[in-house]
Each structure stands twice: as C-alpha cells, then as structure tokens.
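Undergrad: I have a structure I would like to understand better, so I am pasting it below and will then ask my questions one at a time.
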Amino acid sequence: MKNSLIISLCAVVFGLLAGAVLMLATGHNAVTGYSYLFQGGLKNPERIGNTFATASPLIFSGLAVAFAFRTGLFNIGVAGQLLVGGFCASVVGLNLDLPKVVLLPIMLIAGALGGALWSVIPGLLKARFNVHEVVSSIMMNWVGFWTVYYGVQSYIKNPSSETESKQLPEAATLKAHWMTDLFHGSYINLGLLVAVVVVIVVAFIINKTTFGYELKAVGHNRDASEYAGIAVNRSIVFSMAISGAIAGLGGVALYAGNASNIQIGILPSQGFDGIAVSLLGANNPLGVLLSAIFFGLLYSGRGFMNAMTDIPPEIADSIIAIIIYFSATSIMIERLIRWLIRRRANAKLNASQDGKVKSSHVEHD
Amino acid sequence: MRKSAVLLAILTLVFSVLAACGKSNNNSSVSSPTASSPAATQSASPAASSPAATQSASPAASANTNFQVGMVTDSGTIDDKSFNQGTWEGLQKATQDLGLKDKYLKPAGTTEADYLQEMGNLYDAGYKFIVTPGFKFETAIYAAQDKYTDAKFVLIDGSPHKANDTTAVVKPNTVSIFFAEHESGFVAGLATALQLKEGEVGFIGGMEIPPVQKYNWGFQQGLKYANDNLGTKVTIKKENVIYQGTFSDVAAGQQIAAQMYDRGVKVIFAAAGGVGVGAIKEAKTRGESGKDVWIVGVDVDQYADGMKKDGKSIILTSAMKKIDQAAYDMVKLETEGKFPGGQTLMFDSKNDGVGLPKDNPNLSPETISKVDEVFKKLQSGEIKVAAEQGNLIK
C-alpha cells in the first residue's frame, strides 16, 4: 500500500518532469506553464469546484476499472457503460414527475442497472464461453454507442437540436444550489458526493467482506479458487456487473450532473481515462479517488495554461498523455525501485563478504 | 544507483525531445497551409454588402483596435479541414493583417460545461472577442453572452438559444452567422452534372442535421437543373444517398464509398467531416489504379486532400462555405467599430459567402463558364434553391 503510493507519486513526478522538458524543448517556460496549470484548477472557488466536477465522472470510471482489475478482469467497456447508464437515467428523469429527493435515487438506480446490463453481457460470455472480456466489452461500447444514438433520436430528442437529448428538468439533475453557491457558480454537483460514498462502499466490499475476498481470490487464481469451493463463474458475472454498475452511476454524474443532456455520436472520453486513473491509483479505491482529482486538476487547469501562455493545446495534451504514460507504466517504476533496492542490498552483501574473505585471508596468513 | 538515475534521465529526455519533434512538425504542417490559405482571396468583403452593413442598431459605435481574439474549437482538432481550421485560418489572417493577438483553446469534452469553461479561460486571460464554430455552441453562447457582457461573441452556423427552446436570442454582444449550404450544394451539383454529362452520382452525409441536409438537397436540385436545362443525364438513386451518422468514423466512410463505387457511382458528394476523409481515401486508392472515380469536397477547398501520386486530385470540385471569410470579416468589422451585434447574418451566393473554389483544375473551361452563368442567375435571384426536402431524396 505504502509502496504503491510511492510508485504513483514517482509516476506523477516523472510525468511532470517530462512535461517540463517538453515545454522547454518547445521554447516555453515550464515554471510559468505549470503555475498557470495549477492556478487554472485551483485559483478561486469556482475553479476548484470545476476541478472536482471534472473529477467526479473520472472517479466512477476509474473505480469501475479498478474493481474489475482487482477481480482479475479488464473492463475496457466503461465508456459504453457510462453512456447506457446515463441514457437510462435520462429516460427516467425525463418521464417521471417526482420531487427531487425521490427522483434522484431512482435515476441513480436506473443508471447503475443500465451500466450493469451493459457489462454483465461480457461477464456472462466470459463465464460461459470463456470469451475474453476485453474483446466483448469493447464491442459493447459500440453497441451502446449506436443504441443510445437511436434511443435518443427516437424517444428523447431535443426539439431544438438534432444531436442532443432533451434537457433534464431541474428536479432531475444532480445540480444543487448550495453547492453551486459554495463554489461561486461552478458546475460542481452532487455527483461528487455520490462518488465519495461509492468509493467508501467499494473499499469496504473489497477489503472487509467475504464476498469481496472471493472475488479477489478468483482474480488471483481461478483454478485454486474453484478448488477451494468458490463459484468462479458466478464471481466473474458479479464482478463485471458491479463494475458496470459503478460506471453506470458515473454516467448519471456525467449526463445528469456535469451536463444535463446527452449528445449522440460521442463516446465519453472519461471511459478510457478511467483506465489511466485506475492505474495511477494502483487499483485502490482511495488511490482512484486521489488520482481522479489529479486528472480533474490537469484537465480543468489546462485551458487556463493555454490561455495565459503561448503553449498550444496540443502540447498540453501531450503533457497529460506523458503523465498517463508514466502512470500506466508504473510497473516499470516499481521494478526500477526493486532493482535499486536489490542492488544496494547486493552491494552491502558483497562488501560484507569481501570483509569476511579478507579476514579469512588474514587468518590464513 | 547514480548511473541508473542518469540513464533514466537521459531516457526521459530523449523520449520527450522525440515527442517534441513530432509535435513541432505537426505544428508546422498545420500552419503551412495557412500561409497559402484560400482566405487570402479577400478582395471583396462580403459582409460589406451583407446585412451587416446596415449598422444603425449596433451598440459598438467606436472603433476598437486593441482587443484579443480567442476561439474555442468544436470536437475535433484545429487541422480538421473543416470548421475549426476554416475559422482559425480566417482569424489568423485577420489578426495578422490588423496586428492583434489570437489564441484557440481545445475543450476537454463537448458538453456545455466544457465549452463555458474554456470561454471563461479566454475571458480571464483577456481574450474578449470569442469566436465559436459549430451549432454545438448554441446553448453555451446563450449562457456566455449574459455571463460576460463586456465580451463579444461570434457563433458560426448556429444561433444562441435556451435548451429545449428553439427561439433564438441574439444579445447585442453576439453575432450569429449562417450559410446557405443549399446554394453551395446546388452549384456543386450543377458542376458535377456538367462535367460528368452522363452517369450515377451519390451523396454521403455525416450526421443528419440541417446544414448537411441542405447540402444534400441543394446538390440534388443542382443535378436536376442541369438535367432539365443543360442537357445532361445524371442520376442519383435512393440507395446512394446515405447519412453515416457521425462526423468521425473514417473507416465507415471508406466502406460506404467503396460500396457506392462498386454500384457504378462515378462521383460522390461527401459532406461528412471525418467520414468524408474515408471516402476521399477510397477514391484515391481507386484513382491510383486508374479508375474513373471522383469526390466532391465540402466546406473548404479539399483539392489538395485528394492528391494522387501523379499530382492530380480526385476532388472534382468543392462545395464551399467561406467560414474563414466570415471569421475574418467579423474581426475586421470590430476594429472598425461596426460589429453587427445582435444580428443574424446569412452568407449566401449574393455576398459570395458560398460557392465553388477559385481554381478548379478538374473542371473543363466550358463547365466553369456555364456554372458561372448559372451562379449569376442565382445571385440575381432568377433561380431559387429550396432549403427544404420537398420531394428530394432524404
């Protein structure tokens, strides 16, 4: 745990350093660049709120990937699950006329179910026919993309735009006046609070329950788990379903929180960013929370850096990509650290052995 | 220990420099077409003869030469050969001519919140003349024009409105610009029919949205006009009018184009962004092996994109809407204190806001002279092109 924190921090530092080199190489001042990047995300309450708002869907998508990872599955279909979850929640939100306190939980449940539906199919295929979940979940992305495309156009199309769903009514969004006011008009919303709750729940399930232990055991060694009497196939389906449900909740946070309608023809980039968030967070729920906020900071501060300096947006994108690159290769950093430790230990060992040899020589003489 | 740290540092450096090289190359390739951009053909400013000239209601009465021009890109990159690039080239030309500072920002996503955030960034950094290309900005501009009352906004291809409500609300600090895509499609269809004389043509659209639909309807009317009045025999079949559904799926564009060409289509009008790029790719592959296939480009002059190894292009001509010119004119008008705030401008054949490229190496001189003749009739209002579907295909 402590070790993985160090590795993640190393990844961030290396990433920032490489970004600085990139800025210097293109003739920009890295110090002012980074200072505007962080100012852009943190300068005033509105910007802090925007950072958190940008981070909220990333917390969900990162958590969805991390949960699947911990149970030995690679859920690469988070983008589609976000989209379908958001669509289900939007349909509920547009069609039910209920007070906000009742409507929002129903929307969240609808979103979770939608996401779960989209991930349980790869789960079943994996359990039944051993179809690799990477292939089937990435294909489900496109099934979801076109299903939502059709669904939005046929059932909840916005009268004023061909490519968007109807605007959700005030009661059906996660926006809360007290939060907006607290952060001076930011688009921060209840999605963040839901995300934090889900992080705690997932951490509890993974670390403190028998159910979570079984899921992890299947991830570590499928055959051994089966031998130990765990229903392996059921575990696979469950972990995919839970992973998808988390992603579906993220869809609600994205389409009924940060935005208040769905745009068709776009697969949410948050789905794939979730993989990077999860890697940087060492697949640990708390780590995911922190790394999602870090990514939120990068994404929301980037525009301000571009505006205040001559660093073009593409360079800023590259810097973020480099940081992702380093976090994705955190295993390399881990190996490096291990290698360094081992080398030092070897050196010590050699030194002490040398000493012994010398002393034995002395004895012989 | 130290040695490995040095090694890592070197690796990091090499990696980053390599990345930087790639980047700067990219940048230069983006900026080089700018220098020779079609925006250079600026002799007659269309807005001067457009409704923009009637300035009575404009609130910005005094000349303003000290402002910074910002742009927020739509989904897609700055070198998208379409909206973003066209707008940016126009802005760059204007800011170079007038000695202003310019900047574009790329939003992290495509939601209203993302767009507003970038506009806020531009505003905070002092870029208070903000240009946004694309209908996706409609609701964001609606919010921004009230939030930043001392900034000016130019919305290309859309009008600000509330969500769920089509009523346009153009505040005094905003200009909304539209193009007559149907007229552009009409002349492209006309030129296609005249050049082809006889045969099958097709249409590939991106999303089924009004600007793309108008291109399609105009194109079909252009074909029909040539068939009825100029003795051509060009047909378009129902199965050869396809909206792919996105502006980004290059592979699908290539596939659809391949199917059409296999069905005997000679010319495809591709008004489809990235999907059109796929169609151009397919036409190029077939063109290299000596097949007689063509693409009609869209929005900007796409001639260079269809260049084959022998130096000839498979782009027959392009149905242009002069986004760059619109962007240029708005900046220029602002410097003259004539910013047409609160107005909705239409760029059409009358003010040369739409039409074919200046040079059409793939069109014969007869075709060009006939197209010019008809274009004049269009300008004078003798010919009317409908912006509705009527009994046209899709």
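The values are calculated or read from the model by the stated rules, or taken from the named source; none is laboratory data. Not measured: the values here are computed from a predicted model. Because the Cβ atoms are built from the backbone with ideal geometry, glycine has one as well, and the counts that use them run over all protein chains shown. What goes into the accessible areas is simple: the full protein's heavy atoms, side chains included, and nothing from ligands, DNA or RNA. Shrake-Rupley method; radii C 1.70, N 1.55, O 1.52, S 1.80 Å.
Undergrad: Kindly indicate whether A:Ser352 is more than 14 Å from chain B (Cβ to nearest Cβ), in a helix (DSSP H, G or I) and surrounded by 24 or more Cβ atoms within 10 Å (Cβ to Cβ). Please lay out each step first, then the result.
TA: Numbers: more than 14 Å from chain B (Cβ to nearest Cβ): yes; in a helix (DSSP H, G or I): yes; surrounded by 24 or more Cβ atoms within 10 Å (Cβ to Cβ): no.
The answer is no for A:Ser352.
Undergrad: Is it the case that the range A:169-176 has a residue that's on the phi > 0 side of the Ramachandran plot and in contact (Cβ under 8 Å) with a residue 40 or more places away in the chain? Give the derivation first.
TA: Initially, the range A:169-176 is screened for residues on the phi > 0 side of the Ramachandran plot, giving none.
Scanning the range A:169-176 turns up no residue that is on the phi > 0 side of the Ramachandran plot and in contact (Cβ under 8 Å) with a residue 40 or more places away in the chain.
Undergrad: Out of all the residues in the range B:304-316, is one or more open to solvent by 10 Å² or more (accessible area, probe 1.4 Å), in a loop (DSSP other than H, G, I, E, B), assigned by TED's automatic domain parsing to the domain that holds B:Asp80 and more than 19 Å from B:Gln221 (Cβ to Cβ)?
TA: Checked the range B:304-316: no residue is open to solvent by 10 Å² or more (accessible area, probe 1.4 Å), in a loop (DSSP other than H, G, I, E, B), assigned by TED's automatic domain parsing to the domain that holds B:Asp80 and more than 19 Å from B:Gln221 (Cβ to Cβ).
Undergrad: Regarding the range B:124-140, can at least one residue be identified that is more than 10 Å from chain A (Cβ to nearest Cβ), open to solvent by 20 Å² or more (accessible area, probe 1.4 Å) and hydroxyl-bearing (Ser, Thr, Tyr)?
TA: Taking the range B:124-140 and keeping what is more than 10 Å from chain A (Cβ to nearest Cβ), we get B:128-134, B:137, B:140.
Then drop every residue that is not open to solvent by 20 Å² or more (accessible area, probe 1.4 Å), which leaves B:128.
So of that shortlist, the ones also hydroxyl-bearing (Ser, Thr, Tyr) come out as none.
Scanning the range B:124-140, I find no residue that is more than 10 Å from chain A (Cβ to nearest Cβ), open to solvent by 20 Å² or more (accessible area, probe 1.4 Å) and hydroxyl-bearing (Ser, Thr, Tyr), so the answer is no.
Undergrad: Every residue in the range B:113-123 that is of a type outside the set (Gly, Ala, Ser) and either at the interface with chain A (Cβ under 7 Å from one of its Cβ atoms) or within 23 Å of the chain's Cα centre (by Cα) (or both), please.
TA: Just the residues of the range B:113-123 that are of a type outside the set (Gly, Ala, Ser), to begin with: B:114-119, B:121-123.
Result: B:Asp114, B:Tyr115, B:Leu116, B:Gln117, B:Glu118, B:Met119, B:Asn121, B:Leu122.
Undergrad: Select from the range A:15-63 the residues that are crowded, with 24+ Cβ neighbours inside 10 Å, among the hydrophobic types (A, V, I, L, M, F, W, C) and within 25 Å of the chain's Cα centre (by Cα) and write down the one among them that is farthest from the other protein chains (Cβ to nearest Cβ).
TA: Filtering the range A:15-63 for residues that are crowded, with 24+ Cβ neighbours inside 10 Å, among the hydrophobic types (A, V, I, L, M, F, W, C) and within 25 Å of the chain's Cα centre (by Cα), the one farthest from the other protein chains (Cβ to nearest Cβ) comes out as A:Leu63.
Undergrad: Ok, one more. Those residues that are more than 10 Å from chain B (Cβ to nearest Cβ) and open to solvent by 60 Å² or more (accessible area, probe 1.4 Å), I need them from the range A:149-174; list them, please.
TA: Result: A:Tyr155, A:Lys157, A:Glu170.
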